[in-house]
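Here the structure comes first, spelled out in structure tokens, and everything after it is commentary.
The values are calculated or read from the model by the stated rules, or taken from the named source; none is laboratory data. Nothing here was measured: the structure is a model prediction, and the numbers come from that model. Glycine gets a Cβ as well: all are built from the backbone with ideal geometry, and neighbour counts include every protein chain shown.
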Amino acid sequence: MQLKDPSLFRQAALVGETWTEANGTGIAVTDPATGESIGYVPKLGVAETRTAIGFAEKAQKSWAARTAKERSNILRRWFDLMIENKEDLGRILTREQGKPLAEAIGEIAYGASFIEWFAEEARRVYGDLIPGHRPDARIMVMKQPIGVVAAITPWNFPSAMITRKAGPALASGCAMVLKPASQTPFSAIALAVLAERAGLPPGLFSVITGSAREIGGEMTANPIVRKLTFTGSTEVGAELYRQSAPTIKKLGLELGGNAPFIVFDDADLDAAVDGALIAKFRNNGQTCVCANRLYVHDKVYDAFAEKLGAAVATLKTGHGFDEGINLGPLIDKAALEKVEQHIADAVEKGAKILRGGKPHTLGGTFFEPTILADVPPEALMAREETFGPVAPLFRFVDEADVIAQANDTEFGLAAYFYANDLSRVWRVAEALEYGMVGVNTGLISTAEAPFGGVKSSGLGREGSRYGIDDYLEIKYVSLGGI
Ligand code: ADP
């Protein structure tokens with residue numbers, strides 16, 4: 001890999017204060033675009049996780065005792081270093097994850113924005129003074145860091161899903177032990193290299209690579225860990241929730257979605273097509289806020305399908321390092337098989353393929369951007385996340401009916417709709433049972449806004465001024481005898 005600063009690509013894990021080198025063994029990481037081996041990270045387990053948690057416990061106390069401004073300054077330096085190194089970080093990300101380089105660099109900037117935001121928020125963790133219940137009493141509320149936080153992150157945003165957790169955790173005075181996804185550990189490790197360079201105290205932030213079961217098991221069982229924050233599938237999230245019950249940990253869970261994208265007959269169709277391209281095809285359809293079901297009003301259905309088809313025809317699939325690429329490969333073979341299965345199921349139940357529908361001639365895990373028309377509500381893709389470049393179009397006539405269909409899922413992460421009638425905009429925004437609603441926009445994620453879901457999509461919010469609360473405990477102090 002051609003990097004300006006080769007020291008950012010490190011085949012090692014950070015266990016407390018010590019780097020553990022892979023030395024050519026452990027977990028092999030491959031480039032999803034070529035299948036080539038990129039390198040190794042150590043395969044660690046219970047013992048190393050426990051060691052890291054021990055270091056975190058020690059480092060957290062003195063970190064929390066520093067002023068918010070001191071913590072803020074270090075985080076700010078970390079942010080600056082991410083931005084200074086964004087091309088290299090982007091290259092590492094594209095190599096292990098596959099997304100186009102421009103999109104990967106975009107993720108680094110987006111990820112860094114959480115460190116910047118929470119560096120600012122660190123100094124605004126205010127308490128409260130409440131009038132007392134007796135003449136001689138005052139009620140004081142202070143906010144304190146939860147303590148040691150464990151984090152488990154996925155491969156689809158190998159950098160930003162880490163900073164979105166590490167930012168508020170470290171800003172509030174917590175320590176963090178992180179397990180990144182085994183498909184994409186190098187982005188996490190590069191962040192740790194920069195964190196060290198920024199002056200984060202040793203032991204405060206560990207990156208443990210290895211067995212998910214073992215590391216997750218220790219993270220959830222260990223009573224020193226007071227909060228677990230996880231982004232990934234609902235299935236694994238529920239398992240971690242169960243495992244955390246005996247030690248009553250706080251949980252932050254960003255789980256699966258099944259986002260509806262509704263185009264009403266009063267929508268600006270060109271804007272809706274632009275929004276659908278972003279909401280559907282960003283990261284090759286592999287984001288938890290990706291539009292999974294496109295409901296289009298009968299009156300504009302054909303026109304929307306045609307315009308979307310023309311827009312999708314301009315998307316270029318290829319290796320993330322090639323110029324002008326919009327779509328990379330899928331992460332692995334299992335992901336490709338799921339996409340194929342969802343398409344076969346929809347077609348069997350009556351859907352028509354308007355574009356794509358099969359693996360790309362590039363081979364490997366590349367897949368053609370696909371549009372399906374007249375997908376019936378019984379199709380698998382109406383219920384499950386496809387996590388690929390497939391846009392299924394469903395036809396609707398009635399507003400109440402489409403809201404009911406949009407809400408008919410166990411998930412409740414993101415929803416999108418396009419409409420111009422002001423009353424409808426309010427009605428629909430209020431009726432959608434989702435944590436986030438994009439109205440006339442296909443891109444909702446930003447450090448300033450609270451990201452998170454309802455129902456089986458999770459617990460808690462990341463980003464925004466609410467995001468830091470998830471890492472703070474409220475302490476009530478009753479002052480008597482005044
Ligand atoms: P995805 O579908 O995004 O791969 P997963 O939930 O399988 O979602 O994985 C997300 C993260 O959770 C990864 O870091 C993975 O290694 C980790 N993980 C998977 N299974 C477990 C488990 N049983 N315990 C702890 N972590 C797990």
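Listed here are the residues, each with its yes/no results for (1) of a type outside the set (A, V, I, L, M); (2) in contact (Cβ under 8 Å) with a residue 12 or more places away in the chain; (3) more than 11 Å from the ligand (Cβ to nearest atom); (4) outside the structural domain of residue 410 (by the TED database).
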| position | (1), (2), (3), (4) |
| --- | --- |
| 205 | yes, yes, yes, yes |
| 210 | yes, yes, no, yes |
| 214 | yes, yes, no, yes |
| 217 | yes, yes, no, yes |
| 225 | no, yes, yes, yes |
| 233 | yes, yes, no, yes |
| 240 | no, yes, no, yes |
| 243 | yes, yes, no, yes |
| 246 | yes, yes, yes, yes |
Does residue 185 satisfy the condition of being of a type outside the set (Lys, Arg), within 10 Å of the ligand (Cβ to nearest atom) and buried (at least 23 other Cβ atoms within 10 Å of the Cβ)? yes
Which one of the conditions (1) within 10 Å of the ligand (Cβ to nearest atom); (2) crowded, with 21+ Cβ neighbours inside 10 Å does residue 273 fail to meet, given that it meets all the rest? (1)
Determine if segment 262-269 includes at least one residue that is in contact (Cβ under 8 Å) with a residue 12 or more places away in the chain and within 16 Å of the ligand (Cβ to nearest atom). no
Could you list, in sequence order, the residues of segment 443-470 that are over 14 Å from the mean Cα position of the chain (by Cα) and under 20 Å from residue 260 (Cα atoms)? 454, 455, 456
Only one of 333, 338, 352 is basic (Lys, Arg) and away from the ligand (no atom under 16 Å from the Cβ). Can you tell me which? 352
Of the residues 190, 171, 195, which single one is more than 23 Å from residue 66 (Cα to Cα), more than 14 Å from the chain's Cα centre (by Cα) and either at pLDDT 95 or above or within 10 Å of the ligand (Cβ to nearest atom) (or both)? 190
Name the pairs whose Cβ atoms lie under 6 Å apart, with the first residue in segment 152-164 and within 9 Å of the ligand (Cβ to nearest atom), the second among the basic types (Lys, Arg), and 6 or more positions between them or separate chains? 152/179
Test result for residue 66, assigned by the TED database to the domain that holds residue 155, of a type in the set (D, E, K, R) and touching an Asp or Glu at 6+ places or on another chain (Cβ under 7 Å): no
